[in-house]
1. Consider Thr67 against the criteria (1) hydroxyl-bearing (Ser, Thr, Tyr); (2) farther than 16 Å from Met117 by Cα; (3) at pLDDT below 90: it satisfies all of them except one. Which criterion is unmet?
2. Does the range 28-43 hold any residues that are part of a helix (DSSP H, G or I), touching a helix residue (DSSP H, G or I) at 6+ places or on another chain (Cβ under 7 Å) and more than 16 Å from Asp68 (Cα to Cα), and which are they?
3. Starting from the range 80-94, take each residue that is crowded, with 16+ Cβ neighbours inside 10 Å and list its partners that are in a loop (DSSP other than H, G, I, E, B), counting only C-beta distances under 6 angstrom and pairs at least six apart or across chains.
4. Taking into account only those residues within the range 25-53 that are touching a residue at least 24 places away in the same chain (Cβ under 8 Å) and not hydroxyl-bearing (Ser, Thr, Tyr), which is farthest from His76 (Cα to Cα)?
5. Scan the range 11-22 residue by residue and report those that are out of contact with any Lys or Arg (no Cβ under 9 Å at 6 or more places or on another chain) and either without any contact (Cβ under 8 Å) to a residue 40 or more places away in the chain or assigned to a helix (DSSP H, G or I) (or both).
6. Say whether the condition of being modelled with pLDDT of 80 or more and assigned to a helix (DSSP H, G or I) is met by at least one residue in the range 101-115.
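The values are calculated or read from the model by the stated rules, or taken from the named source; none is laboratory data. A quick note: this is a predicted structure, and the numbers were derived from the prediction, not measured. Note that we place each Cβ from the backbone using ideal geometry, even for glycine, and neighbour counts take in every protein chain shown.
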Amino acid sequence: MQIEELKILELTSDTLFKAFMISKRTNACKARMIHLITGINNKILRRANYQSIELPVHHKESKVYKTDVIVRIDKHLLSIEMNRDYYPGLPKKNSQYMKKIAGESYEFGENYNDRMMIQLNFDCYD
């Protein structure tokens, strides 16, 4: 009798990471993990809205930004990205995503001091 090798799916897969982060069934686990990293209240994180969104494009020539996961808590915003591989432009790309997300999320006339923006990068490479 030959035993088949069991393959375990890895969360470093972009699709699997997004599915885990968006699923309501994983809220307790996500909340605990994010709480340990950021100090944000665990109960608030359990009720937060986790979503993957495509950011608005204002010109047809503009680059389309699709986030891994955005978490909105009141006026605060967390951007969570999974980075499976490193390449020289990765830090710049992550910075651009955060700037784009921050810029698109402020409402006209809103005070910038009333908001907290956090970028979490899960870097799963050597």
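1. Tallying (1) hydroxyl-bearing (Ser, Thr, Tyr); (2) farther than 16 Å from Met117 by Cα; (3) at pLDDT below 90, Thr67 fails exactly one: (2).
2. Ala28, Ala31, Arg32, His35, Asn42 - these are the residues of the range 28-43 that are part of a helix (DSSP H, G or I), touching a helix residue (DSSP H, G or I) at 6+ places or on another chain (Cβ under 7 Å) and more than 16 Å from Asp68 (Cα to Cα).
3. Pairs that qualify, where the first residue is crowded, with 16+ Cβ neighbours inside 10 Å and the partner is in a loop (DSSP other than H, G, I, E, B), are Ile80/Asp68; Glu81/Asp68; Met82/Asp68.
4. The qualifying residue farthest from His76 (Cα to Cα) is Ile37.
5. The answer is Thr15, Leu16, Lys18, Ala19, Ile22.
6. no
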